[in-house]
Amino acid sequence: MQPGADDNIQHLVFDMGGVLVEIDWHGKISQLLGKDIPFNEIHALWAASPAVNDFEHGRSDFDTFTEAFIAEQELQISHSDFQREFLAIVIGEFAGISELLASLQPHYTLSLLSNTNTAHWQHIIEHTAFLSWIDNPFTSIEFGLMKPVPAIYQRLIKELKCQPENILFFDDGLANVMAARAEGLRAEQVFGPEDIKRVLKNYSLIPSNG
């Protein structure tokens, strides 16, 4: 922690896709749906899908989700093609993200708070390195809750055994950021490691020349 830093902040909590992990979510989902969905609308569309809700709450498996989503959206695509394109949403961890987390971990508790699903989560476990620096890999699957419902932030606070203002939360979804702030968390919208560094510098948590 740097001189002048806000010493109330003890926990850094990160969304995963678009923050720690590079994804082609907008491109692939637009492709699967056969229409270009504006970025600021795609979170809402995704959260409104019953098939997605069951999958990311951990209530259904990949095959069940695939069939349900294809039927729900009336898609003209095969089961196997859909699953291939869906898995391809995850590109890989952002360059430099493991190094950044490694530099932060001695000073803060690092946690995830991610809406995800068993298919993408397994891919992340098998193909990325950044999880080794995460103290608490909280997901919607584990909590049975999805951002931006207030209960998921309340559960996070309970799990971390801290006050809301002790948490700085990073997410690429503005609705998730605003919901976190409503529960008393410090929260900022970011898109990858350079944005994370910018926020950390603004909070004086890393050197301004770092």
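Each reported figure results from applying straightforward, stated rules to the coordinates on display, with no laboratory input. Note that the coordinates shown come from a computational prediction; the quantities given were computed from them, not determined experimentally.
Summary table below
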{"item": "The range 122-129 - phi-based ³J(HN,Hα) in whole Hz, Karplus 6.51/-1.76/1.60, Gly and Pro as x", "result": "5, 4, 4, 4, 7, 10, 10, 10"}
{"item": "18 Å Cα-Cα reach of K35 towards aspartates and glutamates, excluding residues that sit fewer than 8 places from it in its own chain", "result": "D24, E72, E74, D81, E85"}
{"item": "Candidate lysines for bridging to K201, where Cα separation is under 18 Å - those fewer than 8 sequence places away on the same chain excluded", "result": "none"}
{"item": "Fraction of the pair-distance distribution of the range 25-88 above 20 Å, Cα-Cα pairs, percent", "result": "19 percent"}
{"item": "Other-chain or far-sequence residues with amide H under 5 Å of R186's (modelled H)", "result": "I167, F169"}
{"item": "Mean separation of Cα contacts under 8 Å, 6 or more apart, over the residue count of the range 154-208: relative contact order %", "result": "27 percent"}
{"item": "Relative contact order of the range 1-139, pairs being alpha-carbon contacts under 8 Å that are 6 or more residues apart, as %", "result": "35 percent"}
{"item": "Kirkwood Rh, Cα atoms: Rg over Rh of the chain", "result": "0.98"}
{"item": "The range 100-210: Rg to Rh, with Rh as the Kirkwood radius over Cα pairs", "result": "0.94"}
{"item": "Computed [θ] at 222 nm, deg cm²/dmol, the chain (DSSP H ≥ 4; -39,500 (n - 2.57); rounded to nearest 500)", "result": "-13500 deg cm²/dmol"}
